[in-house]
Every structure is written in C-alpha cells, then in structure tokens.
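The structure appears below as structure tokens.
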Amino acid sequence: MAATMTAPSRVNLLGLCREQLEAFFVAWGEKPFRARQLMQWVYQRGVLDFDDMTDISRSLRERMQAHCEITLPQIDSEQRSADGTIKWLLNMGAAQGIEMVYIPEPGRTTLCISSQVGCALDCAFCATAQQGFNRNLSTAEIVGQVLLAKRIVQAEGRHISNVVFMGMGEPLANYRAVVPATRVMIDDLGFGLSRRRVTISTSGLVPQLERLGEDCNVALAVSLHAPDDALRNELVPINRIHPIAELLEACWRYAGRQTSRQITFEYVMLDGINDSLAHADALVQLLRGRPAKVNLIPFNPFPGTRFERSKASVIDAFRERLNTRGVRTTTRRTRGDDIDAACGQLAGRVLDRTRVRLGDKPVRAVSA
Ligand code: SAH
C-alpha cells in the first residue's frame, strides 16, 4: 500500500562526499562518474547552476534541477580587521547565526569554520559556551562555509590553504556531519587540501576520536588547557567523563596511525589559574617524548567572563620552560580581536535549547 508522502525537500549536493554522491547517482540509474563531473563543476570551476554543467546530459540536469540544489549559507554581516582577518556572521535560519573567520598569515591562509550552532560542552572560558547549544550543522552547511569563503577570497586574488574546525561548536559531537565534510576538503575533486592542512580541534570526546583515526585521519588539535584532572574538570567539564589519561592514550593511538604525525595541544593562558611554572612542569610530564606540540593561546576576554589573560611575561616564561624541557611550544598570535574574531570570542546568535532550570540551578545537557 502506497503511503501518502509530502514532497521531500531538495537534496543539497554539498552535503555528499564523493562516495555518497556516487551512490546517489547510482540509485538514480546513472553511472558513478557523474559524481566526478559534478564535483569538478562545483569545487574546481565554481559553477553552482545545473544548467551550466554542459557535459552532463540535459535530462539529468533537469532531474537535478527538480530534486537537488547547491545552496551556500547566507551572509548576514562581514567585518574586516585591521590585520586582514575577516569575520562573517552566517544566517542559519530561525534568527540564528554562526561565525566563520578567514585569517591571512605569511605563508598560509586559514579558514576557521563552525560545526554547530552554539556548543553544549560548557568550557568555562569560552564565549560560545555561554550561548548554549541549539543544533548540529549539516554536512552541506559545513562544506558550504568553505565554498562560500573560497569564492569571496578568490575574487580578491587570495586562496585558502588551511581549514580548522575552531569556530563555534565541538566537531566530534557532530561526527556524522563532520566526517563527510572533512572528506570533501581533502578530496582532490573537492577542495584538494592535504590531510595536514585540515585540523579538527576537540575538547576530548574519546570514543569519537578513536573512530576518527579510522574514518578520516586529518590533523588533530586537542584542547587540553590543564595538566591535572582536578583543574581540567573545572575548565573543560567533558574531562569528568573522559579524564586526561584516557584522552592522551587515545591521542597517542591517533598519532600512531601515521608516522611523524604530531598532535597539537591547545592551552589557553588564564591569569593565575593554569599558568604557573608548576603547571608547565606537570605538562612536561604528560607530553615529553610524545608526538606532541603545545600551542599557548592567550585568553581572549568577552563580556561577563571571570577570567583574565596571563601577562605576556608569564606566557613567555611558560613557553620557555616547556621548550627547554623538551616539549615544543609556540604562542598563538591573537588575530582579529578588534572585531571579536579571536579564539573563544565567536558568539554568533544561538537560541539555547539546553538550559533547563531546576529551581534556581541552571543545568546544561552535555550531548557527548
Ligand atoms: N570545541 C573545539 C573547538 C573550539 S575553539 C575545542 O574545544 O577544541 C578552538 C580553541 O579556542 C579551543 O582550544 C578552545 O578551548 C579555545 N578557546 C575557547 N575560548 C577561548 C578564549 N576565550 N580565549 C582563548 N581561547 C579560547
């Protein structure tokens, strides 16, 4: 008995990686190489209109017109920093927005993208956490960010050499959408970036991290921020579920899948909280002799935060301590802070769905 169905919405083809696109066309009775043709039009030639894809038969183009779309996120606003950084607020419907940042540096140009509308992980020092969580982005919304930014900067004679999942959201909490998006980024028919130039940054969702090693072994950054569980439990609450020892074991396994692959440990420098030389020494104990490097991030303040940035001299001393004791450490240059585009300042517009009030106590659901 045929069920009555409402007309399905169009499939945004940016949401399918090459294998998924091949399966899609095969299900239509087409040859798998249609995926290659389509990807070349979209990602290499920048053609988004099916009508212009002239090596695809008219009948298939018409069928795609009827059932598919290639839609990019809408830009609500664009801000340009004195240092060349560009921040966009992208419209995610329902009056919500996510932020995306383009960071030109000598020798590389990095696009920082978001994976969720908001974030549920509640890290104590992060502006996104304050906004709460609304929803996961789809693969098409993630790939769409890269394609959109590429089109804008290309028109200005620039390109994107690196993509980092360091915008809003916890990428590994949106695993199902993030992995195919990452595949499009490293596919020669997609954005053609090397695995080393696509970085997933995670606060430490261990089970997904284990799977990622098998599914898509891209560069990994881990938000460590504290060298012991007591402090990390406070700063990065997911640590209560996956403590440091468990997280680091998963990291070394991840790194072991490919020789000479280093993991970057991000460490936000919070004045008087995690920035003493004793903390540095504890960090050395965890990381020395491992495939690890440390990236110190001077804390970027935002309204309402109780933290302050460590003094420059303290950050320098911390970095020197790690370097002289055998853990390679750099300090991240703060970029775009005049337009609130620096790490942890991305706030977007989120309608929080996770804060449930129990009496006076706000409770945040962690979707790990
Ligand atoms: N959810 C991912 C991506 C977050 S953003 C993760 O946790 O890794 C990328 C980096 O910015 C993370 O290391 C995050 O901890 C850091 N960060 C967050 N808020 C910050 C702030 N206010 N100042 C500096 N760095 C911050």
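For the range 226-241, filtering for residues that are part of a loop (DSSP other than H, G, I, E, B), open to solvent by 10 Å² or more (accessible area, probe 1.4 Å) and under 22 Å from residue 327 (Cβ atoms) leaves 2.
Would you call residue 212 within 14 Å of the ligand (Cβ to nearest atom), farther than 21 Å from residue 269 by Cβ and open to solvent by less than 10 Å² (accessible area, probe 1.4 Å)? Yes.
Just checking, which of 124, 120 is within 15 Å of the ligand (Cβ to nearest atom) and open to solvent by less than 10 Å² (accessible area, probe 1.4 Å)? Give the steps one after another, and end with the answer.
Values: 124 fails: open to solvent by less than 10 Å² (accessible area, probe 1.4 Å).
The match here is 120.
Taking the conditions exactly as written (open to solvent by 10 Å² or more (accessible area, probe 1.4 Å) and in contact with a Pro (Cβ under 9 Å, 6 or more places away or on another chain)), does residue 92 satisfy them or not? Don't jump to the end; show me each part of the working.
Numbers: open to solvent by 10 Å² or more (accessible area, probe 1.4 Å): yes; in contact with a Pro (Cβ under 9 Å, 6 or more places away or on another chain): yes.
Yes.
Residues are listed down the side, and each one gets a yes or a no for (1) of a type in the set (A, V, I, L, M); (2) surrounded by 24 or more Cβ atoms within 10 Å (Cβ to Cβ):
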| position | (1), (2) |
| --- | --- |
| 142 | yes, yes |
| 145 | no, yes |
| 150 | no, no |
| 155 | yes, no |
| 164 | yes, no |
| 176 | no, no |
| 182 | no, yes |
| 187 | no, no |
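Looking only at residues in the range 95-108 that are of a type in the set (A, V, I, L, M) and surrounded by 14 or more Cβ atoms within 10 Å (Cβ to Cβ), which one is farthest from residue 168 (Cα to Cα)? Working first, answer last.
Step one: list which residues in the range 95-108 are of a type in the set (A, V, I, L, M), which gives 95, 98, 100-101, 103.
Imposing the further condition that a residue be surrounded by 14 or more Cβ atoms within 10 Å (Cβ to Cβ) reduces the set to 98, 100-101, 103.
Working: 98: 7, 100: 8, 101: 11, 103: 16 Å.
Among those that are of a type in the set (A, V, I, L, M) and surrounded by 14 or more Cβ atoms within 10 Å (Cβ to Cβ), it is 103.
Residue 297 satisfies every condition listed in (1) surrounded by 19 or more Cβ atoms within 10 Å (Cβ to Cβ); (2) part of a helix (DSSP H, G or I) except (2).
Among the residues of the range 177-194, the ones that are of a type outside the set (Asp, Glu), free of Cβ contacts under 8 Å to residues at least 40 places away in the same chain and out of contact with any Phe, Trp or Tyr (no Cβ under 9 Å at 6 or more places or on another chain) come to 4 in all.
Per the conditions (1) within 15 Å of the ligand (Cβ to nearest atom); (2) within 30 Å of residue 45 (Cβ to Cβ), the sole criterion not satisfied by residue 129 is (2). Can you find a residue in the range 170-177 that is at pLDDT below 95 and more than 14 Å from the ligand (Cβ to nearest atom)? No, the range 170-177 contains no residue that is at pLDDT below 95 and more than 14 Å from the ligand (Cβ to nearest atom). None of 10, 80, 61 is within 25 Å of the chain's Cα centre (by Cα) and either more than 29 Å from residue 196 (Cα to Cα) or open to solvent by 60 Å² or more (accessible area, probe 1.4 Å) (or both) except 80. Taking (1) away from the ligand (no atom under 16 Å from the Cβ); (2) part of a loop (DSSP other than H, G, I, E, B) in turn, residue 185 satisfies each apart from (2). So, residue 249, is that one away from the ligand (no atom under 16 Å from the Cβ) and either more than 30 Å from residue 94 (Cα to Cα) or modelled with pLDDT under 95 (or both) or not? Yes. Per the conditions (1) touching a helix residue (DSSP H, G or I) at 6+ places or on another chain (Cβ under 6 Å); (2) without any contact (Cβ under 8 Å) to a residue 24 or more places away in the chain, the sole criterion not satisfied by residue 76 is (1).
The values are calculated or read from the model by the stated rules, or taken from the named source; none is laboratory data. Fair warning: this is a prediction, and the values are worked out from it, not measured in the lab. Glycine also receives a Cβ, built like all others from the backbone with ideal geometry; neighbour counts cover every protein chain displayed. To get the accessible areas, we keep the full protein, side chains included, count just its heavy atoms, and leave off ligands, DNA and RNA. Shrake-Rupley method; radii C 1.70, N 1.55, O 1.52, S 1.80 Å.
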